[in-house]
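One structure is given below, encoded as structure tokens.
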Amino acid sequence: MGEHRTELEDNAQAIMADGKGILAADESNSTMGKRLDGIGVENAEENRRSFRELLFKTEGAEQFISGVILYDETIRQSAADGTPFPKLMQELGIIPGIKVDTGAKPLAGSPEETVTEGLDGLRERLEEYYELGARFAKWRGVIKIADGIPTPYCRHVNAHALARYAALCQEQSIVPIVEPEVLMDGEHSIDRAFEITRDTLHHVFGELIKQDVVFDEMLLKPNMVMPGYDSGQEASVDEVAERTLECMYDVVPAAVAGLVFLSGGQSDELATEHLQAMNARGPHPWKLSFSYGRALQAPPLDAWRGEEGNVAAAQAAYLHRAKCNGAAARSEYSAELEQEFTAAA
Ligand code: 13P
């Protein structure tokens, strides 16, 4: 809050620029393999690279996308013309980011749960990623809801690791995105999603305080509060917006530089509608924007199908989703805007 903003605050604010959000393109090679499999494309490095190039070179996307989260393989790759991906982004005014966790692994003594790994050697890896152009990072802790879980043990180890990661990032002048994802898969009610999300965030912020993480220099990537996909229950857009906001107001400090929601397997239009409904209830203590993976990439993936001839259509589909989400970040999304694309197609 002082007069002199740090490099970390500047970068956090730049990511949260009005009407902009994050493209999460940091799928591990195995997760990307599942996405490519879904469109009948082989999980080869060149196919992963081509799809990412298509996204990163979409003209105009920089009006709505302030940052892109990359994977270790991707941050070292280049466009077909030889331009390294991080440089390509910087030239467009987009900030490169990097996923630095090494995945959610079975938790000893509680095999239904996971703990996210990647702390060993993290300081040195962050130094290298900074050299490669990364100015923000992501670490995703995973909390699953089912009978008897999450346990306090799982909640604790994931919160502790998230805070250790965030402190190391700030030390290396990289803005940490702290992502404690309470999964939307499961049979739970919206009330239970609320209770577990609130409790998880409460513990994450407790650890962040204990480990001296600076809130103005970090972003939070939360899940929205929704009934589990297998609950047989549906919540309205208004209910999801209200319960999610209630949860954030309860436990997220106002100093946090911004909230960038994950989509978590919601349909792309619903993810946009939920963000719009939350912003329509503003102003809030924080800017609310998006850090969507599937909800930004599903339409271009589907349009592309690995064919060079489909690149323009895939880019148009991605640009449209980026534009709609950018609008929702400003509370300006509407059914008319959504239909512009369908009408043009
Ligand atoms: P989804 O939006 O597909 O949930 O992905 C965002 C992300 O980065 C999860 O870690």
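Just need a number here: residues in segment 110-132 that are open to solvent by less than 80 Å² (accessible area, probe 1.4 Å), of a type outside the set (A, V, I, L, M, F, W, C) and in a loop (DSSP other than H, G, I, E, B).
Final tally of qualifying residues: 2.
Looking at segment 186-209, I want the residues that are at positive phi and have a partner that is buried (at least 17 other Cβ atoms within 10 Å of the Cβ) and not in a helix (DSSP H, G or I) with Cβ atoms under 8 Å, at least 6 apart or on another chain. Which pairs are those?
Listed pairs, sorted by first residue: 186/144; 186/145; 186/228; 186/231.
Would a scan of segment 293-302 turn up a residue that is within 16 Å of the chain's Cα centre (by Cα), part of a loop (DSSP other than H, G, I, E, B) and at pLDDT 95 or above?
yes
Determine which member of the set 234, 269 is open to solvent by 70 Å² or more (accessible area, probe 1.4 Å) and within 14 Å of the ligand (Cβ to nearest atom).
Of the residues listed, the single one that is open to solvent by 70 Å² or more (accessible area, probe 1.4 Å) and within 14 Å of the ligand (Cβ to nearest atom) is 269.
Results for (1) away from the ligand (no atom under 16 Å from the Cβ); (2) not small (Gly, Ala, Ser), shown as yes or no for each residue.
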{"residue": "159", "(1), (2)": "yes, no"}
{"residue": "162", "(1), (2)": "no, yes"}
{"residue": "165", "(1), (2)": "no, yes"}
{"residue": "181", "(1), (2)": "no, yes"}
{"residue": "200", "(1), (2)": "no, yes"}
{"residue": "211", "(1), (2)": "yes, yes"}
{"residue": "224", "(1), (2)": "no, yes"}
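Go through segment 50-100 and report how many residues are open to solvent by 10 Å² or more (accessible area, probe 1.4 Å), within 18 Å of residue 301 (Cβ to Cβ) and out of contact with any strand residue (DSSP E or B) (no Cβ under 8 Å at 6 or more places or on another chain).
Number satisfying all stated conditions: 4.
So, of the residues in segment 292-322 that are surrounded by fewer than 20 Cβ atoms within 10 Å (Cβ to Cβ) and charged (D, E, K, R), which turns out to be nearest to the ligand (Cβ to nearest atom)?
The residue in question is 294.
Quick check: anything in segment 104-122 over 18 Å from residue 179 (Cα atoms) and within 16 Å of the ligand (Cβ to nearest atom)?
Within segment 104-122 (the criterion being over 18 Å from residue 179 (Cα atoms) and within 16 Å of the ligand (Cβ to nearest atom)), the answer is no, since none of the residues qualifies.
Could you list all residues from segment 174-195 that are surrounded by fewer than 23 Cβ atoms within 10 Å (Cβ to Cβ) and within 19 Å of residue 113 (Cβ to Cβ)?
Result: 181, 183, 184, 185, 186, 187, 192, 195.
Read through the list (1) in contact (Cβ under 8 Å) with a residue 60 or more places away in the chain; (2) more than 29 Å from residue 276 (Cα to Cα), then give the number of the only condition that residue 70 fails.
(2)
Within segment 217-246, can you find the residues that are under 21 Å from the mean Cα position of the chain (by Cα), part of a helix (DSSP H, G or I) and not polar (S, T, N, Q)?
217, 237, 240, 241, 242, 243, 245, 246 - these are the residues of segment 217-246 that are under 21 Å from the mean Cα position of the chain (by Cα), part of a helix (DSSP H, G or I) and not polar (S, T, N, Q).
Among the residues of segment 158-169, is any outside any loop (DSSP other than H, G, I, E, B) and in contact with a His (Cβ under 7 Å, 6 or more places away or on another chain)?
Yes, there is a match, as at least one residue in segment 158-169 is outside any loop (DSSP other than H, G, I, E, B) and in contact with a His (Cβ under 7 Å, 6 or more places away or on another chain).
Listed residues 231, 289; which is polar (S, T, N, Q), in contact (Cβ under 8 Å) with a residue 40 or more places away in the chain and under 19 Å from residue 18 (Cβ atoms)?
Just one listed residue meets the conditions, 289.
I'd like to know if segment 19-38 contains one or more residues that are in contact with a Lys or Arg (Cβ under 8 Å, 6 or more places away or on another chain), of a type outside the set (D, E, K, R) and in a strand (DSSP E or B).
There is at least one residue in segment 19-38 that is in contact with a Lys or Arg (Cβ under 8 Å, 6 or more places away or on another chain), of a type outside the set (D, E, K, R) and in a strand (DSSP E or B).
Hey, could you check segment 272-291 for residues that are part of a loop (DSSP other than H, G, I, E, B) and open to solvent by 30 Å² or more (accessible area, probe 1.4 Å) and say which is nearest to the ligand (Cβ to nearest atom)?
287
Would you point out the residue of segment 1-37, among those that are in contact (Cβ under 8 Å) with a residue 24 or more places away in the chain and among the hydroxyl-bearing types (Ser, Thr, Tyr), that is most open to solvent (accessible area, probe 1.4 Å)?
Top of the filtered list is 6.
The values are calculated or read from the model by the stated rules, or taken from the named source; none is laboratory data. No experiment lies behind these values; they were computed from the predicted model shown. So basically every Cβ, Gly included, is an ideal-geometry build from the backbone, and we count neighbours across all protein chains shown. Please note that ligands, DNA and RNA were not included when accessible areas were found on the heavy atoms of the full protein model with its side chains. Shrake-Rupley method; radii C 1.70, N 1.55, O 1.52, S 1.80 Å.
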